[in-house]
Each structure stands twice: as C-alpha cells, then as structure tokens.
Amino acid sequence: MVLAEPMSNEDRLELVRLQNLESCFISLRDSGPSTVADIAAETGLSRPTIKDRLQDLIALGLVTEVGRVVRRGQSSGRPASRFAVSPRAGYVIGLELGKHHERIVVADMANVVRARYVFTADDRTSVTDRMRSLVTRVADIRSTHADLGPLLRIGAAVPGALAPDGLMTRSPIFKEWTGQNVADAFARVFDVPVVLQNDLNAAALAEHRHGAAADASDVVLALVWHQVSAGLIIDGAVRVGRHARAGEMSQLVASADDRMLQRWPSMPDFLETLTAAEAGDQRSRELVEEFALAAGAQIATLLIAVDPDVVVLYGPASANDYVAELVANAVHAAVSPPEDTPLLQAQLGADAAATGVLIAALESAHTQFFGEAGTPIQQLIEAGAPATR
C-alpha cells in the first residue's frame, strides 16, 4: 500500500486560507451584499480572517465593495463596509435545445438571473442548422451582456440518451446525433467550456433544487407521455446509469403503442386532443383517459423500481390539472397496495431544463475558481498573493 505524503504545516495553512476564501465567497453569493460582521455570523470565521480573504477576492475580481452602512443607533465611528459578488465577475448561460424551441437563461456569478429568451424552432430543420442558429443567438447574447464580464460556461440540455463523456447513444429528436459525441460538437462551435446534460436530468435537477422536489433526496421526474422517459435524482445527485439509460422507459419495446404513436406523434398533437376533451368531446375524453392509463402504468414501474421520496409529473401534458389527476389515479391503481408516494406537478414549467443546466454551469464555473467539489483554488498561490490566512 502506498501512503500519501503528509501535508506540510505551510501547505495545511494555505489549504485553510483557501477554504476560508471560498466560504466568504459562498456567503456573499448566497446572502447578497454583506458586512464583515454579517459574513462572520454566517461562516463562523474571525473578522480579521474575513477582511484578509475579502481583499483576496477583490484582487481576483470576484468581489467588490458596494458602500457603507450605518447601524441603527450608531452615533460615531466609521460606517461598516458592505461587500458583494462583483457584477463583472462573469456569467453563465443555460440553454435547452428542444424539438420545437430553444430556451436560454443568463445568470451572473451571484446566481441572479439576468435574462431569459425563448425562440421557436421548426422541427424539420437539421440539427446542424439548429446549432448554427444557436451559435448566432449566443453571440448576440454575449454582446448584450458584455457588462457582466466574461462568459465562463455554457450549460446545454439536449434530448436523448447522453453518456457522461458526451456520446449520444440514442436521440429520437435529433437522429443525426445518434452515435455521435455531442460534447465534441459543442466544443467545436463554442470557445468556452460546455456542460452537457440530458434535458430530463436537467429538469430533475432544477425541480430538486428549486421546485416541487426541493425537500427530497430521491426524485423521479417523469415526462408524462404515452412513452414515458424520466430524469432521476438519487441521494441528491443526477443518476445517468452505466449506459445513460436510467429512467428511459421509452426504450422498452413493450412501452410502444403504434396506435398512440400514430395518433400523437408529438406533444402538440396530444394537446389538440386535450383541448377537445376539455370542450366536452366525449371521444377525446376517452382518448385522454387511455393516454393517462398508459403513462400511469409506466410511471408506476419507475416508482416501484426507484422507490423515490417524490414523483414529479413533468411536461406540457402534466401541467394540465385534469391530466395530472388522471395520471396520478392510474399510478395508484397500478400498484398494490396503493402507494403513498407524493405525485406532484412540476413547478418550474417550460424553463426547468434550461434552469437545470444553468445550475450545472454555475457549479462548473465555481470550480474554475475554487476547484472540484469544494477543493480550494490554486490561482492565488500561482499569482503569488499575500500569504495571510
């Protein structure tokens, strides 16, 4: 067995210094403009330490002083300085490349969303042309938001079975991508790192952090469709699976129903049937009930296989209360004894996937300064910053 070389006292002190640096930044990012006293209360660090770390963060361009605050009852002494994440510290873009649309969200390093964009798309357009159009749109957005500093990351949510290395093993929407490395395709056209995720996994991450499943550890986010696919969160993290097929119920041959595929080749077709059902057309109501039974049976299989804390019903169909109730009833009827696992409608709507990859892009951008999984940054060491702790 090879033993790790022990860390020197100097290295240990440097490690502590950089961890404190990250703690100060996270406090400002999550709490907004703060005084040294505010950060001390949040982090437990000493005020002298915080003052030194704030100077380091200012030198890195990540933090700025935003004014002074006079405390209530203060009659003398110098007002306390307030600090915040710099508005020019950089920003990230989260985008979803969907069959009928492209959604783009812009956020700065303080996790503040600065802009949202939605573009319609023709599903007959090749993925090559879609990518070309996307590059132009991102370039325009970069020009618009140049005041935020450098673009640090792009997060991209795409449909299909996407392996961690970027290989698309199956893409029913963009068939040209099947068997191709999508990460390489994005890397060829963008000059910043791109964080890729399957669209449903991205939506699951967003609903887990900020939506219907915010208090859950294990989550199934099921796209309500006659062939269900799902994004999975296990122990708080996205689960892709060895072959990038976790949650892909649509790959089961038994899930395919030719009648439904012909009747509803895409979501807009089903929504037309739903509109007629809500207007009172009896045949349309019967078809919607048939749709809900098919979706519910597949979601029930996921529920038993994963046994999550919560199932989130996702997609345009599930946003309709009538459909959501039918599907929930079908799920409970398919399981014996009936399950008490909550089945909740998604809260973030059509922005969920773009929001999910925005989160992933922000976390990746954070590692640019602070390293993977909270490992402290090395840039100050390399830059010869003062060795204060």
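Scanning the range 317-344 for residues that are open to solvent by 70 Å² or more (accessible area, probe 1.4 Å) and not hydrophobic (A, V, I, L, M, F, W, C) yields a total of 7.
What's the total number of residues in the range 113-149 that are in a loop (DSSP other than H, G, I, E, B) and either open to solvent by 70 Å² or more (accessible area, probe 1.4 Å) or basic (Lys, Arg) (or both)?
Adding up the residues that qualify gives 2.
Per the conditions (1) touching a strand residue (DSSP E or B) at 6+ places or on another chain (Cβ under 8 Å); (2) open to solvent by 50 Å² or more (accessible area, probe 1.4 Å), the sole criterion not satisfied by ILE173 is (1). Within the range 213-252, track down each residue that is among the polar types (S, T, N, Q) and touching a residue at least 40 places away in the same chain (Cβ under 8 Å). Listed by number, the residues that qualify are SER217, GLN227, SER250, GLN251. Restricting the search to the range 297-338, which residues are β-branched (Val, Ile, Thr) and assigned to a helix (DSSP H, G or I)? Within the range 297-338, ILE299, THR301, ILE304, VAL306, VAL323, VAL327, VAL331 qualify. If you check ASP309 against the conditions, is it more than 25 Å from ALA212 (Cβ to Cβ), of a type outside the set (A, V, I, L, M, F, W, C) and in contact (Cβ under 8 Å) with a residue 12 or more places away in the chain? In short, no. In the range 150-162, of all residues being part of a loop (DSSP other than H, G, I, E, B) and within 16 Å of GLN180 (Cβ to Cβ), the one that is nearest to the chain's Cα centre (by Cα) corresponds to PRO159. When GLN298 is tested against (1) surrounded by 17 or more Cβ atoms within 10 Å (Cβ to Cβ); (2) over 21 Å from VAL219 (Cα atoms); (3) not basic (Lys, Arg), only condition (2) is not met.
The values are calculated or read from the model by the stated rules, or taken from the named source; none is laboratory data. From a predicted model like this one, the values you see are computed outputs, not experimental measurements. Glycine also receives a Cβ, built like all others from the backbone with ideal geometry; neighbour counts cover every protein chain displayed. Side chains are part of the model used for accessible areas, which takes the heavy atoms of the whole protein and leaves out ligands, DNA and RNA. Shrake-Rupley method; radii C 1.70, N 1.55, O 1.52, S 1.80 Å.
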